[in-house]
Amino acid sequence: MFRIRRIHDDNIPIDKEAIAHVQNILRTQFGGIAEREILKLPEQLRDPLKYRFRSILLVADDLRGRVKGFALFFYVADLNFCYLDYISTAQKSMGRGIGGALYARVRDESHVLNTMGLFFECLPDDPALCSDPAILKENASRLRFYERYGARPVINTAYETPVKPGDDCPPYLVYDDLRTGKALSRKSAREVVRAILERKYGSYCPSDYVEMVVESFKDDPVLLREPRYRGKESAPEITHSHFEKGSIALVVNDQHQIHHVHERGYVESPVRIDSILKQILPTDLFQKMEPRRFSEDHIKAVHESRFVDYLKTVCMNMDPGSSVYPYVFPIRNAARPPRELPIRAGYYCIDTFTPLNRNAYLAARRGVDCTLTAVQAILRGYRFAYALIRPPGHHAERRSFGGFCYFNSAAVAAHFLSVYGKVAVLDIDYHHGNGTQDIFYDRSDVLTVSIHAQPRLAYPYFSGFEDEKGVGMGNGCNVNIPLPEHVDGKRYGEVLERALKSVKRFQPKFLIVAFGLDTAQGDPTGTWSLRGSDFESNGRMIGSTGYPTLVVQEGGYRTRYLGVNARHFFVGLLSGFQGMKSRRLSMHS
């Protein structure tokens, strides 16, 4: 079993390791390639401005990150074509359909970029050009494979002329029209050939050789060789849908339903998860993953140990089905916590409507497990992951719970990822993410940005003001954007654009979205009026940043529309990312 994914850079360990695997395949499968060409691959991906081709690397790997094969191709935006440089499987993976899957994916990507077609070189199957019978047989096998897709050598040109007279096996130029049926004009072909010879082989091909080959393209349109191996059989259909199936890793809290508070008016109910799943699963955009168990140490890395131990002890010793709500909030004295449970609950809580019960700890702990499982999906190469969890977490501070939140899953994830580089947390819940702010307020490696209702009007009331910017090393790393009582989609989009500018200035390696759906019209806890199309637009803006992104479910309580709005958001997220890839390719080629 394998998957095909794109490697954008070598920022995260699994991608760095995959690039190293690709380099080893290049060494073993392509003996003639210079070591300096192999070593420059990471830089090709990181710095497209340095090269006149934009490199795109696809790898086929298993879920352990072992690379089975790869394809490296170039996008040339100014001339609107793609060029396949290398495609190969690892020696132990030959004959398993990996090469075909990679080539099909290269065609898909070229099609999405709306190019004139895909070009590449292939060694000849003509005995007049290649003297070794064994090599001829291998060449014929490759050309037979490509012919299945409609890709055939260009004929009646001097492209096969050796640069050095007497060299054996000069390559054909092969063209795949991606099943468009459009003929290749002489003008376009000459531009493409010049680009290949000058940009890829500039240090090897003399200028007079380049001119001779370019001028040899006389036919208009350019002629392709008649099918030699499979008659005139039509090429397979391009199967690319707008989004790749299973693009988003999905981890659902499989124990969320045990935390079901039946008191009237308690809106944080299990049906929230069911409503979202009902709408997003039929899209095929998600790859569902089973949650893993993680150490409680990850929670204690962002929450005070005494608070975590207190929550665990109290919850696990309560009678099943009973809940306790805090009603007294003493001025905290760390040395003398109250003895009575309802009073002591107020020692660690920030409101009167978040209960402690036997299952609160278990469900919240499992939510953290799910979130960290989603984090590991990001570290395994997924560009997007969604932790669909309840209870939510962004109101849980370093040493307190409240707002239906017990442990701050997004903060745990941010701390976990901060080992690999800077992290930005973008909170788009209707309510201020006071917990996330509190946890990272003095840190410079995690940026917290929150768009929320004006705290004078909405929970949590005592934080989320614009002048709260962080302290010490964290000064400037906390951004609050409080908004008035009534906000529509257009206004929200303008503010989100501003928030994302702060994120981009920070230049994080990872983005975490604290995903609140309570900004929607009619939500019982909010006053704003965002609709499905607004969520899609917001997702598109976030996706266009291009960061590896973890989405963690927070609020949203109008269950009838939760799933619809979530579906719109994720469609927008992927659409924005696809658009970003195309724009960047165009800008840097």
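All of the numbers you see were taken from the coordinates with simple rules; none came from a lab. All figures in this text were calculated on a predicted structure; none of them were measured in a lab. Counting neighbours? That spans all protein chains shown, and the Cβs are built from the backbone with ideal geometry, glycine included.
What is the sum of charges around G563, taking Lys and Arg as +1, Asp and Glu as -1, for the other residues whose C-beta is under 11 Å from the C-beta of G563?
The answer is +4.
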Total charge of the residues flanking D445 in space, meaning their Cβ is under 13 Å from its Cβ, with Lys and Arg +1 and Asp and Glu -1, is +2
Assertion target for I273, I451, ordered by fewest C-beta neighbours within 10 angstrom first, is I273, I451
Computed about the Cα centre, the charge dipole of the chain from +1 Lys/Arg and -1 Asp/Glu charges at the Cβ has a magnitude in debye, to the nearest 20, of 560 debye
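Just order 207-216, 159-168, 104-113, 454-463 by mean Cβ neighbour count inside 10 Å, highest at the front, would you? Let's see the in-between values first.
Working: 207-216: 14.5, 159-168: 12.0, 104-113: 19.9, 454-463: 16.2.
Answer by packing, highest mean first, reads 104-113, 454-463, 207-216, 159-168.
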Here the FRET efficiency for K137 versus S533, based on Cβ atoms and R0 = 56 Å and rounded to 0.05, is 0.45
With the 8 Å Cα cutoff and a minimum separation of six or more residues, the chain has a relative contact order in percent of 11 percent
In the chain, taking the dipole from +1 charges on Lys and Arg beta carbons and -1 charges on Asp and Glu beta carbons about the Cα centre, the listed residue (L426, S502, P291) farthest towards the positive end is P291
Semi-axes (Å, rounded, descending) of the ellipsoid equivalent to the range 3-215 per its C-alpha gyration tensor are 27, 20, 18
Per the beta carbon screen (other Cys under 4.7 Å), unpartnered cysteines of the chain come out as C82, C122, C205, C315, C349, C370, C405, C477
Among (i) 37, 29, 24; (ii) 43, 40, 22; (iii) 56, 22, 21, the entry matching semi-axes √(5λ) of the Cα gyration tensor in Å as calculated here is (iii)
To the nearest 20 debye, the range 3-215 has a Cα-centred charge dipole, built from +1 on Lys and Arg Cβ and -1 on Asp and Glu Cβ, of 760 debye
The residues Y325, Y310, sorted from fewest to most surrounding Cβ atoms within 10 Å, come out as Y325, Y310
In the chain, taking the dipole from +1 charges on Lys and Arg beta carbons and -1 charges on Asp and Glu beta carbons about the Cα centre, the listed residue (P153, G476, L517) farthest towards the positive end is L517
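What percent does the relative contact order of the range 1-122 come to when contacts are Cα pairs within less than 8 Å and at least six residues apart?
On the way: 193 pairs, mean separation 27.4, N = 122.
Dividing the mean separation by the residue count of the range 1-122 yields 22 percent.
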Simple SL model, points at 7 angstrom along Cα→Cβ for D62 and R498; separation in nm is 5.2 nm
From the Cα centre of the range 474-530 to that of the range 358-391, the distance in Å is 22 Å
Counting sequence-distant residues (5 or more places) and residues on other chains, those with an amide H built under 5 Å from that of L483 are H452, A453, Q454
In degrees, nearest 10, the alpha-carbon axis of helix 358-379 is tilted away from the dominant principal axis of the alpha carbons of the chain by 20 degrees
Bridge orientation stat for the chain from DSSP, antiparallel percent rounded to 5, came to 45 percent
As straight-line cross-link partners of K288, the qualifying lysines (C-alpha separation under 21 Å, not fewer than 8 residues apart within one chain) are K245, K278
In this structure, the FRET efficiency calculated for A128 and R46 from their beta-carbon separation, with R0 = 51 Å, to the nearest 0.05, is 0.75
When E290, E268, E198, E121 are arranged by how many other beta-carbons sit within 10 Å of their Cβ, fewest first, they go E290, E198, E121, E268
With 0.36 nm assigned to each residue of separation and the Cα-Cα distance removed, D78 to E215 gains 47.2 nm
If each K or R counts +1 and each D or E counts -1, the residues other than Y459 whose Cβ falls under 12 Å of its Cβ total -2
Partner lysines whose C-alpha sits under 22 Å from that of K137, ignoring same-chain residues fewer than 8 away, are K92, K232
Sorted on mean Cβ neighbours within 10 Å (highest first), peptides 509-517, 291-299, 73-81 come out as 509-517, 73-81, 291-299
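For a 26 Å ceiling on Cα separation, which of these pairs sit above it: K50/K218; K50/K164; K50/K504; K182/K218?
K50/K218; K50/K164
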If the label point sits 7 Å along Cα→Cβ of V271, residues of the range 500-524 with amide N under 17 Å come out as 518, 522-524
